[in-house]
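Heads up: the structure comes next, in structure tokens.
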Amino acid sequence: MPRTPEQYEKIRKGKRKLIMDTALGLFAGEGYHSTSISKIAAKAGISKGLMYNYFESKEALIHSIMEEGMKALTELFDPNKDGVLTDDEFDFFVNRSFDILRDNPTYWRLYFSIMMQEGIYELFKDRYTQIIDETIVLLLDYYKRQGVEDPETEALLFGAMMDGISMNYLLGKDSFPLEKMKKAVIERFGHKKSKQDHSNNRLIKERKEQK
């Protein structure tokens, strides 16, 4: 019985993932510049010619790998894509980001090790900068609406904190308190205005009771 279009698409997606996962491991272990298309094809158990049916070059392959990693996180940010980040969406992003990190640490350790290799960042710098700029715009608006005194610094500090926590967890995941860090990030960087309003209301109530 001939395969259906859906079956062909499933096979294609599976083969594409096999190539990307194989390349991810080789790029991380042997270095991007030292890994050839031939070596990736041999490791994946497919022909070099078939490789080119999925990726026209090694550069196209590394672009797809890096894009997939960035997409996994950016899709969590402002999930309804209405251009406005809410308190619930902020919490969702932090929670799911750390869940993704915890559920597949091997992938992210390889991913970040590739990103740090010489010359790799330049290959996707424009795309990375675009994503960061879009994220910062949403965070700036979020903190402005909460009445934060310096929204830009707050947004940059949040990004740096998320990166730092991720790196520390990947380097020592067995001893790093990821759940505590998750709660601390939400407490430190989210719902600032509502927390301040709550604090002010509590102080007002206490003063009235003292009179």
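The values are calculated or read from the model by the stated rules, or taken from the named source; none is laboratory data. Bear in mind the structure is a predicted one, so any value in this text is a computation, not a measurement. Glycine also receives a Cβ, built like all others from the backbone with ideal geometry; neighbour counts cover every protein chain displayed.
Just to be sure I understand, how many residues within the stretch 103-123 are in a helix (DSSP H, G or I) and out of contact with any Gly (no Cβ under 7 Å at 6 or more places or on another chain)?
14
Mind telling me which of the residues E56, E30, E6 ends up being free of Cβ contacts under 8 Å to residues at least 12 places away in the same chain, under 22 Å from E118 (Cβ atoms) and among the acidic types (D, E)?
E30
For a quick check of your reading of the model, give me the residue pairs whose first member lies in the stretch 79-104 and is over 21 Å from A184 (Cβ atoms), whose second is outside any helix (DSSP H, G or I) and of a type outside the set (A, V, I, L, M, F, W, C), with beta-carbon atoms closer than 8 Å and at least 6 apart or on different chains.
Listed pairs, sorted by first residue: V84/D78.
With the requirement that a residue be in a helix (DSSP H, G or I) and either over 17 Å from I186 (Cα atoms) or of a type in the set (A, V, I, L, M, F, W, C) (or both), what does the stretch 146-168 give you?
E152, A155, L156, L157, F158, A160, M161, M162, I165, M167, N168
Could you give me the residue pairs with C-beta distances under 8 Å whose first residue belongs to the stretch 167-190 and is within 23 Å of M116 (Cα to Cα), whose second residue is among the polar types (S, T, N, Q) wherever it lies, and which are 6+ apart or on separate chains?
These pairs meet every condition: F176/N168.
Is it true that some residue in the stretch 73-87 is closer than 30 Å to A155 by Cα, of a type in the set (A, V, I, L, M), modelled with pLDDT under 90 and assigned by TED's automatic domain parsing to the domain that holds E187?
yes
Given the structure, is F124 touching a residue at least 40 places away in the same chain (Cβ under 8 Å) and within 16 Å of M162 (Cα to Cα)?
For F124, the condition - touching a residue at least 40 places away in the same chain (Cβ under 8 Å) and within 16 Å of M162 (Cα to Cα) - is not met.
Of the residues in the stretch 41-57, how many are basic (K, R) and modelled with pLDDT of 95 or more?
1
With the requirement that a residue be touching a residue at least 40 places away in the same chain (Cβ under 8 Å) and acidic (D, E), what does the stretch 135-151 give you?
Matches in the stretch 135-151: D141 only.
The rows are residues; the columns are (1) aliphatic (A, V, I, L, M); (2) within 18 Å of the chain's Cα centre (by Cα); (3) closer than 25 Å to N104 by Cα.
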{"residue": "G147", "(1), (2), (3)": "no, no, no"}
{"residue": "E152", "(1), (2), (3)": "no, no, no"}
{"residue": "L156", "(1), (2), (3)": "yes, yes, no"}
{"residue": "G164", "(1), (2), (3)": "no, yes, yes"}
{"residue": "M167", "(1), (2), (3)": "yes, yes, yes"}
{"residue": "L171", "(1), (2), (3)": "yes, yes, yes"}
{"residue": "S175", "(1), (2), (3)": "no, no, yes"}
{"residue": "K180", "(1), (2), (3)": "no, no, yes"}
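Could you grab me the full set of residues in the stretch 94-135 that are within 19 Å of E67 (Cβ to Cβ) and of a type in the set (F, W, Y)?
Y107, W108, Y111, F112, Y121, F124, Y128
Checking the structure you have, find out if any residue of the stretch 12-21 is more than 19 Å from the chain's Cα centre (by Cα) and either among the hydroxyl-bearing types (S, T, Y) or in a loop (DSSP other than H, G, I, E, B) (or both).
no
Can you tell me which residues in the stretch 58-91 are surrounded by fewer than 16 Cβ atoms within 10 Å (Cβ to Cβ) and in contact with a Leu (Cβ under 9 Å, 6 or more places away or on another chain)?
Passing the criteria: E59, H63, G83, V84.
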